[in-house]
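Only the coordinates and a few stated rules stand behind these numbers; no lab work does. Please read all numbers here as calculations on a predicted model, not as lab measurements. Every residue, glycine as well, gets a Cβ built from its backbone with ideal geometry; the counts of neighbours run over all protein chains shown.
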Amino acid sequence: MKDQILELIKIAFKEDLNEMEDVTSSAIFQNEEDHFYLLAKDTGILCGIEIFEKTFLAVDPEIIIKTDYQDGDKIRSNEIIATIQGKVAAILQAERTALNLLSHLSGIASKTNEFVKLTKGKTKILDTRKTLPGLRKMQKYAVSCGGGENHRMGLYDMVMIKDNHIDAAGSIGKAVKKIRNKWGNKFQIEVETRNIYEVQQALDSGVDRIMLDNMNLEMMQKAVKLISKRAETEASGNMTLDRISEVSQTGVDYISVGELTHTIKAFDFSLKRGIK
């Protein structure tokens, strides 16, 4: 992920500078140095502190960043997370890019942790592929920092037979047979099911995981009882904070939540001049 981070930082600076320079900071400051501090203005889970550091160092490798925090740490509003020392112009050039990345990733980690706490250890929270282009690895990393787990990374590392695959193939059984004919047991196979009839079809096909998609609680409970640990179970579809506790009580192994990465409130940080 290191190369991806550096490439992303490079793209962000290109957007900001457009082959020019920071026309404000470069006019006001020359080689003046100063101290700044990173202030948390929310309470949650930190994620992206190394990326934050790399952003400043990409502008000026002589900038000094100090922190006692690491990704996955619980942070609270009004806590100082890091100090930054160096040339003012360089620090101000990197400020917005560094804060954008840190805020976005910490927002994902914090939201994930909210979901995880509500399950009380009864089920595992998964992310989805509902991510921003170019940011998937970092967003999924943020999910793991918040206590969640990663679902498949892309279309290449796990078989996911969804409703459109099933409808176009004719049945779950036909779709699974074609997968087995091509790949054998190379990949784990998950099937999306919409009702108990499809759950039975998936069981008969010997798949590894059965997704219970957009089912109500009663149907989920029936499905979990029918599956009876013969395959892993995953609840999906409209999984919001107010539903997670009761869904986890149905006995499903996993709950996948698109909201972890596609509907995120940025964690609030500020960079302030001075020493505290």
I'd like the distance separating the alpha-carbon centroids of the stretch 26-79 and the stretch 89-117, in whole Å. 10 Å
What span do the alpha-carbon atoms of the chain cover on each of the three principal axes, reported in whole Å from largest to smallest? 71, 37, 24
With a 10 Å cut-off between alpha carbons and a GNM built on the chain, which of ILE189, ILE51, ILE28 moves the most? ILE28
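Which is the longest run of the chain containing none of the GluC sites (Glu not before Pro) found in DSSP loop states (not H, G, I, E, B) with at most 13 other C-beta atoms within 10 Å? Walk me through the numbers on the way to the answer.
Details: sites that count: GLU19, GLU21, GLU32, GLU62.
The segment 63-276 is the longest one with no such site.
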Could you tell me which chymotrypsin sites (Phe, Trp or Tyr not before Pro) in the stretch 143-205 are loop residues by DSSP with no more than 11 other beta carbons within 10 angstrom of their beta carbon? TYR156
The stretch 54-125: Cα Rg divided by the 2.2 N^0.38 Å rule of thumb: 1.40
Ranked on Cβ counts within 10 Å of their own Cβ, fewest leading, MET1, MET160, MET20, MET239 go MET20, MET1, MET160, MET239
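So between TYR197 and THR83, what do we pick up on full extension, going 0.36 nm a residue minus the alpha carbon distance?
35.2 nm
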Straight-line reach from LYS120: which aspartates and glutamates have Cα under 20 Å away, leaving out those fewer than 8 places along the same chain? ASP73, GLU149, GLU232, GLU234, ASP242, GLU246, ASP253, GLU259
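Could you grab the relative contact order for the stretch 1-83? Cα pairs under 8 Å, six or more apart, rounded to a whole percent.
37 percent
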The pairs in LYS10/LYS54; LYS140/LYS182; LYS122/LYS265; LYS2/LYS87; LYS130/LYS162; LYS74/LYS137 lying past 18 Å Cα-Cα in this model are LYS140/LYS182; LYS122/LYS265; LYS2/LYS87; LYS74/LYS137
